[in-house]
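Engineer: Attaching a single structure in C-alpha cells format; questions to follow.
The values are calculated or read from the model by the stated rules, or taken from the named source; none is laboratory data. Quick caveat, the model's predicted, so the values are computed rather than measured. Note that we place each Cβ from the backbone using ideal geometry, even for glycine, and neighbour counts take in every protein chain shown. Side chains are part of the model used for accessible areas, which takes the heavy atoms of the whole protein and leaves out ligands, DNA and RNA. Shrake-Rupley method; radii C 1.70, N 1.55, O 1.52, S 1.80 Å.
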Amino acid sequence: MNLASRPASGQDSGAPRLPGSLQTNRRLSQWLRIGADGVVEVFSGKIEMGQGIATALAQIVAEELDVALDRVRMVPASTAHSPDEAVTSGSQSIQQSGSALRYACAEARVIYVAAAAARLGVAAEQLRVEDGALIVVSGAASGARISYWQLADDDLLAREATGAAAPKPAAGLQVVGTAAPRLDIPDKVFGRPRFVHDLELPGMLHARVLRPASPFARLETLDAARTQALPGVIDVVRDGNFAGVLADREETAVKALARLAADARWSEAETLPDAAALKDWLKAQRAETKVVDERAPEVPASVAKTLRAGYSRPYLAHASLAPSCALAQWTGDALHVWTHSQGIYNLRADLALAFGLPPQRITVEHAEGAGCYGHNGADDVAFDAALLARAANGRPVRLQWSRADELTWSPFGAAMAIELQADLDATGAIVGWRHELWSNGHTSRPGRAKTPALLAAWHRENPSERLLAVNPPLANGGGADRNAVPPYEFAARRVVNHRLLYMPLRTSALRSLGAFANVFAIESFLDEIAAEQREDTVKLRLRYLSDPRAKAVIEAASAGAGWRGWQRREGCGHGIGYARYKNSGAYCAVVAEVEAGREIRVRRLVIAVDVGRVVNPDGVANQIEGGAVQAASWTLKEAVRFDRTRVTSDAWETYPILRFSEVPAVEVEILDRPEEASSGAGEAAAGPTAAAIGNAVFDALGVRVRDLPITAERIVAAAG
C-alpha cells in the first residue's frame, strides 16, 4: 500500500464512537504491541474455543498492519493484560473484537508510518509498507527503508484511538478473505499440550468435588474420617452442601471422592416436573409475560382460515467432550485462576463477590478447553478449584469434573414450548401471524448480578441467592425470544414471550439460545402451510421475502441440493430451513436429505451462508459445518432425562449424541460480500438445520413431528 493513511468517513466533531470493543477499550496499547523482535503481540479479550477466532483476528491484524501472518502472535486472554470484551458468545467476536482490531491496527499503521517518515526525512505519502518494512518509493531517498521493528516503542501506542484512520477498502484486502491455516490446529493434531487439562504447575495438588445428590438436596451428614485416612489425601473440605477432597495424585483424589460419597447422607425432595408432560408443565407455570413484537395493518385483512400448531424442545446439555477443568492458586490474599471460561472478566467479578476481594487481587487467565459453545461448567469448576485451593497452603490445585458432573450439573439449554397461529385469506395468503413461547431465561452467566452465578455459591453454608435465568434484550439478540420474530413480511404479527418464574433445572446460554427452537417452529409451520396450500415450500418462502440476501441463500441452497430435480424414493425426503441469525446477523439456508428406516438418518446437508465480508472462508465453512452437525444431534437424539428428583442422563448411554458414523455429508456454499460488514458464523446454522431435518422427515413419511428430538417413538406417536 502506498497510502500512509486512509481518512475515516462519517466522523462528526467531538469524541468519535469507536467500532466494536474499541469503544470501551480505547487505548491502542490495550490491543497490540509491536516488538523489536519482529513480532506483533495481539491482546484480544475474545477466547479461542475451537472456533478459529484467533486465526481470523490474526488475519485482520496482518492485513491492516501489512505484515506477514506468521509475525502475529495471539496472546491468550488474561485479566492481567487483555481488554475487557465481556463474553465470547453470540457469534459476535468478529463484529466486536475484529472491528476493534481493524481500526486499532489501521491507526497503529498510520502512527508508525508517520514515525518512519520523520526518521527518514520524507513525506508519509512516499512510503510503502511491505511485511513491516517501510520503503521510500519516490524522491531523492528512494529505496531507503526502516521497519516497524526498528521503530518499536511502546510509547507510540500509549494513546487513545481516535477513529481517524479507516481500515483498508475491500478492493485492497490480501490476507482477509483467504483460507489461512488455523493457528491452533497443529498442537491439537500432534497432541502437544494446549488445553487447560494439560496444564501442570509446580507442587500441584489434585481435587474432586462431591456434588449434591439432586438439584435441591441437602447434605445431612458427612463422615470424612475414612476418606481423610487414605494415603495421599491432603484434606477434606466442607462448606455447607459443598464438599471436596485434596490429594497428591489425581487417581487418589478419584478414590477419595468415591469413599467420601459413600459416607455422605443427603435429604432430597421431588422438585422436578413430570418429564413426560414437560410441554404442558411449561405452559402452566407462573411467568413474566412480554409482548416482544407487534404489527397490525391499518385495514385488517379478511381471514378465511386459521391454522395452529405447537412445538417444543427439551432441556439440552452442553455435553462437552472434555469435562470442565480449572486450576487455582492462592498467594496470601491474591488469587490466580486458569480457566476455559468464555468470560474471564465476568468470572473475576463473581469470584470477587464470592470471596469478598477487590477484583484487582484476582487474575483470571484463559487456557483452551475442548469446546462448549455456551455456558457450561467452566466457570463453576473455577470457583470449585478456588474454594478448595484455600486449604492447599499456597499450592496450586487442579480440579476436573467427572462426566456425570458435566452432564448433570452444567447449566442446561432451557426447554421451550411454542404455539403458532397463521391467518389465511380466501386466496391462501398469510395475512396474520402469532408466535407465543414459554421458557426459562437463557442466560445466568457470571458477572451480571449482585450475587455470584456460580454453582458452589448456592451450596455453601451461607449460600448466595439462586437467581433465575434471564433473557438479554431483543436489541442485543434476545434470549428465549431470539429469532421469534419471523423474517417474513406478514401484514400482521404478534410475538409474546412468557419467562418462567420457577427454575427447576438451572438454565443458561447454549449455542443459539432460543433461536434453535424458534426457527425450528417457524420453518416447520411454514412447511405445514405450504403442504396445506399444495405450494412448493421454497416458493412460499421467497414470496414473503424482499431482502435479496435472504432470497440468495435460499436459492443457492435449493439449487445446490437439486431441489427442483429431486427424485422421490421410498423412505427418503428433503426439506429446507432458513433464518437470518438474530434477524440482524448471518443469513443461512439449509436443505436436508434424510432416509427413514429404523431411525432417521440425515444423509446430506446442503448449506448456503452469507456472513458479509469473509475473513477466513475455511473458518466460516468449519463453523457452519460444526453448527449443523451439532444441530442434527440435538434434533434427532438429545434430551436431558430426569425423574421427579434428579437428572438421570449422566453418561453417554443415557445422553446419546450423534456418532461419527451418523454424521451427514455437509456441503457449504459461502456467498461472500466483501463490501458488507462481517457477521459471525458459529450459530447461524442451528435453527435452519433442525427445521430442514424436520421438514425432510415429513416429506419422507408424511408424519409431522413437532416435539424434539425426532425419535422413532415420537414418529410412531405422531403417526397414531
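Engineer: For residue 290, are the conditions met, namely being part of a helix (DSSP H, G or I) and open to solvent by 70 Å² or more (accessible area, probe 1.4 Å)?
Structural biologist: no
Engineer: Same structure, new question: Does segment 177-215 hold any residues that are open to solvent by less than 20 Å² (accessible area, probe 1.4 Å) and of a type in the set (Val, Ile, Thr), and which are they?
Structural biologist: Within segment 177-215, 196, 209 qualify.
Engineer: Test each condition in (1) in contact with a helix residue (DSSP H, G or I) (Cβ under 6 Å, 6 or more places away or on another chain); (2) over 26 Å from residue 177 (Cβ atoms) for residue 85 and report the one that comes out false.
Structural biologist: Residue 85 satisfies all of (1) in contact with a helix residue (DSSP H, G or I) (Cβ under 6 Å, 6 or more places away or on another chain); (2) over 26 Å from residue 177 (Cβ atoms) except (2).
Engineer: Among the numbered criteria (1) of a type outside the set (Gly, Ala, Ser); (2) modelled with pLDDT of 95 or more; (3) not in a strand (DSSP E or B), which single criterion is violated by residue 216?
Structural biologist: (2)
Engineer: Right, next: For the condition at pLDDT 95 or above and surrounded by fewer than 23 Cβ atoms within 10 Å (Cβ to Cβ), what is the one hit in 515, 521, 531?
Structural biologist: Unique residue meeting the criteria: 531.
Engineer: Another question, then. Where in segment 357-450 are there strands (runs of 3 or more DSSP E), lying fully within it, with 3 or more residues that are within 30 Å of residue 485 (Cβ to Cβ)?
Structural biologist: Filter on segment 357-450 gives 416-424, 430-439.
Engineer: Out of segment 153-204, which residues are over 25 Å from residue 365 (Cα atoms), part of a loop (DSSP other than H, G, I, E, B), touching a Phe, Trp or Tyr at 6+ places or on another chain (Cβ under 9 Å) and among the aliphatic types (A, V, I, L, M)?
Structural biologist: Answer for segment 153-204, where residues must be over 25 Å from residue 365 (Cα atoms), part of a loop (DSSP other than H, G, I, E, B), touching a Phe, Trp or Tyr at 6+ places or on another chain (Cβ under 9 Å) and among the aliphatic types (A, V, I, L, M): 161, 166.
Engineer: I need the full set of residues from segment 613-634 which are out of contact with any Ser or Thr (no Cβ under 7 Å at 6 or more places or on another chain), polar (S, T, N, Q) and open to solvent by less than 20 Å² (accessible area, probe 1.4 Å), in order please.
Structural biologist: Selection gives 633 alone.
Engineer: Checking the conditions here, which among 99, 89 is under 22 Å from residue 622 (Cα atoms) and assigned to a loop (DSSP other than H, G, I, E, B)?
Structural biologist: Step by step, each of 99, 89 is checked, and only 89 is under 22 Å from residue 622 (Cα atoms) and assigned to a loop (DSSP other than H, G, I, E, B).
Engineer: Another question, then. May I ask you to list the residues in segment 336-356 that are in a strand (DSSP E or B) and crowded, with 23+ Cβ neighbours inside 10 Å?
Structural biologist: 337, 338, 339
Engineer: Could you list, in sequence order, the residues of segment 678-720 that are open to solvent by 70 Å² or more (accessible area, probe 1.4 Å) and assigned to a loop (DSSP other than H, G, I, E, B)?
Structural biologist: 706, 720, listed by residue number.
Engineer: Further question on the same structure: Applying the selection to segment 549-587, what residues are within 27 Å of the chain's Cα centre (by Cα), outside any loop (DSSP other than H, G, I, E, B) and either of a type in the set (Ser, Thr, Tyr) or under 19 Å from residue 708 (Cβ atoms) (or both)?
Structural biologist: Within segment 549-587, 575, 576, 577, 578, 579, 581, 587 meet the criteria.
Engineer: Out of the residues in segment 149-164 that are under 31 Å from the mean Cα position of the chain (by Cα) and open to solvent by less than 10 Å² (accessible area, probe 1.4 Å), state the one that is farthest from residue 678 (Cα to Cα).
Structural biologist: For segment 149-164, the residue satisfying everything is 161.
Engineer: Is one or more of the residues making up segment 132-148 within 24 Å of residue 17 (Cα to Cα) and open to solvent by 10 Å² or more (accessible area, probe 1.4 Å)?
Structural biologist: Checking segment 132-148: not a single residue is within 24 Å of residue 17 (Cα to Cα) and open to solvent by 10 Å² or more (accessible area, probe 1.4 Å).
Engineer: Something else: Which of (1) among the β-branched types (Val, Ile, Thr); (2) under 25 Å from the mean Cα position of the chain (by Cα); (3) open to solvent by 20 Å² or more (accessible area, probe 1.4 Å) does residue 364 not meet, given it meets every other one?
Structural biologist: Checking residue 364 against (1) among the β-branched types (Val, Ile, Thr); (2) under 25 Å from the mean Cα position of the chain (by Cα); (3) open to solvent by 20 Å² or more (accessible area, probe 1.4 Å), the one that fails is (3).
Engineer: Follow-up question, since we're still on this one. From the residues in segment 431-451 that are touching a Phe, Trp or Tyr at 6+ places or on another chain (Cβ under 8 Å) and open to solvent by 10 Å² or more (accessible area, probe 1.4 Å), which one is farthest from residue 308 (Cα to Cα)?
Structural biologist: Looking at the filtered set, the residue picked out is 447.
Engineer: Can we say residue 220 is open to solvent by 70 Å² or more (accessible area, probe 1.4 Å), in contact with a Lys or Arg (Cβ under 8 Å, 6 or more places away or on another chain) and within 30 Å of residue 271 (Cβ to Cβ)?
Structural biologist: yes
For every residue, the table says whether it meets (1) in a loop (DSSP other than H, G, I, E, B); (2) touching a residue at least 24 places away in the same chain (Cβ under 8 Å); (3) among the aliphatic types (A, V, I, L, M); (4) more than 28 Å from residue 667 (Cβ to Cβ).
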| residue | (1), (2), (3), (4) |
| --- | --- |
| 485 | yes, yes, yes, yes |
| 496 | no, yes, yes, yes |
| 499 | no, yes, no, yes |
| 526 | no, yes, yes, no |
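Engineer: Okay, moving on. Say we look at segment 406-426 and pick out the residues that are more than 21 Å from the chain's Cα centre (by Cα) and acidic (Asp, Glu); which of these is surrounded by the fewest Cβ atoms within 10 Å (Cβ to Cβ)?
Structural biologist: Going through the qualifying residues, I end up with 425.
Engineer: Next up: Can you spot a residue in segment 477-485 that is over 24 Å from residue 689 (Cα atoms) and either in contact with a His (Cβ under 6 Å, 6 or more places away or on another chain) or surrounded by fewer than 23 Cβ atoms within 10 Å (Cβ to Cβ) (or both)?
Structural biologist: Looking for residues that are over 24 Å from residue 689 (Cα atoms) and either in contact with a His (Cβ under 6 Å, 6 or more places away or on another chain) or surrounded by fewer than 23 Cβ atoms within 10 Å (Cβ to Cβ) (or both), one finds none in segment 477-485, hence no.
Engineer: Can you confirm whether residue 250 is without any contact (Cβ under 8 Å) to a residue 12 or more places away in the chain and either open to solvent by 30 Å² or more (accessible area, probe 1.4 Å) or closer than 17 Å to residue 388 by Cβ (or both)?
Structural biologist: For residue 250, the condition - without any contact (Cβ under 8 Å) to a residue 12 or more places away in the chain and either open to solvent by 30 Å² or more (accessible area, probe 1.4 Å) or closer than 17 Å to residue 388 by Cβ (or both) - is not met.
Engineer: May I ask you to verify whether residue 109 is open to solvent by less than 40 Å² (accessible area, probe 1.4 Å), under 28 Å from residue 679 (Cβ atoms), not acidic (Asp, Glu) and not in a loop (DSSP other than H, G, I, E, B)?
Structural biologist: Criteria met by residue 109.
Engineer: Can you tell me which residue within segment 226-244, out of those that are part of a strand (DSSP E or B) and without any contact (Cβ under 8 Å) to a residue 40 or more places away in the chain, is nearest to the chain's Cα centre (by Cα)?
Structural biologist: 243
Engineer: I'd like to verify a number: residues in segment 1-25 that are open to solvent by 50 Å² or more (accessible area, probe 1.4 Å) and modelled with pLDDT of 95 or more, how many?
Structural biologist: Going through segment 1-25 one residue at a time, the tally reaches 1.
Engineer: Right, another one. When you look at residue 123, is it farther than 30 Å from residue 349 by Cβ and buried (at least 23 other Cβ atoms within 10 Å of the Cβ), yes or no?
Structural biologist: no
Engineer: Which residue, of 129, 67, is among the β-branched types (Val, Ile, Thr) and part of a strand (DSSP E or B)?
Structural biologist: Answer to the check: 129.
Engineer: Residue 495 fails exactly one of the following numbered conditions: (1) among the β-branched types (Val, Ile, Thr); (2) open to solvent by 10 Å² or more (accessible area, probe 1.4 Å); (3) touching an Asp or Glu at 6+ places or on another chain (Cβ under 9 Å). What is the number of that condition?
Structural biologist: The failed condition is (2).
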